C-alpha cells in the first residue's frame with residue numbers, strides 16, 4: 001500500500017492530470033481505429049459499387065466518396081487531437097513522475 005500522505009499535493013495533482021490526459025488519449029486512439037475502419041468499409045463499398053455484375057454499367061459513387069471525405073475529415077481532426085494530447089502527456093510526465 002502506498003502512503004499518499006508522503007507524496008506532496010503538487011505531485012498528486014500532476015499525476016491526476018497526467019492520468020486524465022492519458023485516459024483521453026486512449027479514447028482518441030480507439031476513436032481513430034473506429035474511423036479508419038469506417039474509411040475501409042467505405043472503400044470496400046466503392047469498389048463493389050463500381051463493379052456491377054453482368055453487362056450492367058456502374059453508376060456514380062458520389063454518396064460513397066462523400067462519406068469517404070467525411071471520414072477523412074474526422075480522421076484528420078482525431079489525429080490532430082492525438083498529437084495535442086500526446087504533447088500534453090509528455091509535458092506532464094516530468095511533473096508527475098520526475099521525482100517522488
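Taken together, the values in this text are just the output of simple stated rules run on the coordinates, not laboratory data. Note that the coordinates shown come from a computational prediction; the quantities given were computed from them, not determined experimentally. Using ideal geometry, Cβ is built from the backbone for each residue, glycine included, and neighbour counts are taken over all protein chains shown.
Of all the listed residues (43, 55), the sole one being assigned to a helix (DSSP H, G or I) and over 30 Å from residue 98 (Cα atoms) is 43. Among the residues making up the range 1-18, those that are surrounded by 11 or more Cβ atoms within 10 Å (Cβ to Cβ), assigned to a helix (DSSP H, G or I) and free of Cβ contacts under 8 Å to residues at least 24 places away in the same chain are 12, 13, 16. Each residue in the range 58-81 was checked for being in a helix (DSSP H, G or I) and free of Cβ contacts under 8 Å to residues at least 40 places away in the same chain, and 16 pass. Is one or more of the residues making up the range 82-98 without any contact (Cβ under 8 Å) to a residue 40 or more places away in the chain, outside any helix (DSSP H, G or I), over 17 Å from the mean Cα position of the chain (by Cα) and closer than 30 Å to residue 4 by Cβ? Checked the range 82-98: at least one residue is without any contact (Cβ under 8 Å) to a residue 40 or more places away in the chain, outside any helix (DSSP H, G or I), over 17 Å from the mean Cα position of the chain (by Cα) and closer than 30 Å to residue 4 by Cβ. If I ask for residues that are in contact (Cβ under 8 Å) with a residue 12 or more places away in the chain and over 17 Å from the mean Cα position of the chain (by Cα), which ones from the range 34-57 would you list? Selection gives 42, 43, 45, 46, 49.
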